[in-house]
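Encoded as structure tokens, the structure appears first; notes follow it.
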Amino acid sequence: MSIPLQFRPDGTFTIVQFTDLHVRGGKSELDARTLALTERIIETERPDLVIYSGDMLYGKETVEPVAALRRIVEVAERREVPFAVIFGNHDAEGGASREELLEGIASCRMSLAEAGPADIHGVGNYVIAVKASAQAGPAALLYLFDSGDVAPPSVGGYAWIRPDQVDWYRREALRQRQRHGALPSLAFFHIPVPEFREAWESGQAAGIRQEAVCCPRLNSGLFAAMVESGDMIGAFAGHDHDNDYVGSVHGIRLGYGRVTGYGGYGGLQRGARVIRLLEGQRRFRTWIRLDDGSKVSHEPCE
């Protein structure tokens with residue numbers, strides 16, 4: 001279903017990023033705590049959009065994965081908050097393919113999730129426009145990418161966003177610029193791109209790094225395409241549960257979500273990243289809302 005997104009009259013648009021929920025699908029205490037946390041954060045932040053940025057499910061340990069995914073997104077559905085979904089490396093390990101998972105939430109009224117072009121790698125490469133507060137045209141764009149799961153054994157490690165996906169982004173960004181000018185844009189994918197490591201090593205990052213950046217061993221050039229496009233102001237990933245930092249590389253802020261699910265590894269307090277776009281400005285505010293209700297600010301490092 002197509003749900004128009006729009007900046008509020010005060011010029012803000014707020015996104016809550018839930019990542020790495022690792023729901024097993026049964027009626028376990030950990031699953032219940034995870035879903036209750038997502039509901040509390042939605043109640044607190046009142047977002048205009050929720051993005052589930054991968055590893056909603058815990059792979060082979062998940063019972064009835066399609067039903068489990070529906071349980072997850074029904075929190076936003078019940079609150080009438082539009083939501084988008086991208087897949088992580090564990091979501092399709094439990095007996096349901098990405099296509100089947102996406103089909104399973106197709107009937108949700110508040111879903112913005114799309115499979116995207118069938119002729120490129122991945123399921124879930126799509127762009128969402130956010131309309132201006134007082135005009136018909138868009139004022140910001142959100143690009144979502146399927147970052148895959150694992151690399152071929154000859155390479156090892158995690159998958160990379162493929163060149164045909166990068167080409168799709170280049171074409172889509174050019175089309176949008178030709179129609180609407182250079183609109184402030186954000187990107188979301190599960191597995192961080194290699195430049196996330198540079199964002200920390202620059203010494204300008206704010207937040208926590210307690211594990212190595214588990215990015216692909218190959219760099220397919222997505223970040224370079226984002227820099228060249230001139231529209232991207234931020235990109236967000238999940239995947240590494242013990243990292244939550246935000247840093248800037250070549251004018252683009254790269255940030256981790258905060259691990260949301262209690263069922264996965266990691267010692268960080270559970271929560272979610274919040275991103276607030278500001279209409280007409282090439283910047284955003286971001287913070288983390290924790291499970292005890294407290295807030296950790298991640299303002300830009302100058």
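The values are calculated or read from the model by the stated rules, or taken from the named source; none is laboratory data. Computed from a predicted model, the values in this text were never measured in an experiment. Cβ placement follows ideal geometry from the backbone for every residue including glycine, while neighbour counts extend to all protein chains displayed. To get the accessible areas, we keep the full protein, side chains included, count just its heavy atoms, and leave off ligands, DNA and RNA. Shrake-Rupley method; radii C 1.70, N 1.55, O 1.52, S 1.80 Å.
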_Candidate set from the stretch 53-77 (those that are out of contact with any helix residue (DSSP H, G or I) (no Cβ under 7 Å at 6 or more places or on another chain) and closer than 20 Å to residue 4 by Cβ); member that is surrounded by the most Cβ atoms within 10 Å (Cβ to Cβ)_ = 73
*Considering the stretch 222-275 alone, what residues qualify as being more than 24 Å from residue 297 (Cβ to Cβ) and not in a loop (DSSP other than H, G, I, E, B)?*
222, 223, 224, 225, 226, 227, 228, 229
*State the number of residues belonging to the stretch 183-198 that are of a type outside the set (Phe, Trp, Tyr) and either assigned to a loop (DSSP other than H, G, I, E, B) or within 10 Å of the chain's Cα centre (by Cα) (or both).*
9
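Can you confirm whether the stretch 251-265 contains a residue that is open to solvent by 20 Å² or more (accessible area, probe 1.4 Å) and either in contact (Cβ under 8 Å) with a residue 60 or more places away in the chain or aromatic (Phe, Trp, Tyr) (or both)?
yes
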*Within the stretch 276-295, work out how many residues are in a strand (DSSP E or B) and either at pLDDT below 95 or open to solvent by 50 Å² or more (accessible area, probe 1.4 Å) (or both).*
3
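So which residues in the stretch 29-46 are open to solvent by less than 10 Å² (accessible area, probe 1.4 Å) and not acidic (Asp, Glu), if there are any at all?
Correct list: 34, 37, 38, 41, 42.
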_Can you find a residue that is more than 18 Å from residue 270 (Cα to Cα) and part of a helix (DSSP H, G or I) anywhere in the stretch 35-53?_
no
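In the set 152, 138, which member is without any contact (Cβ under 8 Å) to a residue 12 or more places away in the chain, out of contact with any Cys (no Cβ under 7 Å at 6 or more places or on another chain) and farther than 20 Å from residue 223 by Cβ?
That would be 152, the only listed residue that is without any contact (Cβ under 8 Å) to a residue 12 or more places away in the chain, out of contact with any Cys (no Cβ under 7 Å at 6 or more places or on another chain) and farther than 20 Å from residue 223 by Cβ.
Regarding the stretch 156-167, can at least one residue be identified that is part of a strand (DSSP E or B), open to solvent by 40 Å² or more (accessible area, probe 1.4 Å) and either touching a residue at least 40 places away in the same chain (Cβ under 8 Å) or closer than 24 Å to residue 14 by Cα (or both)?
yes
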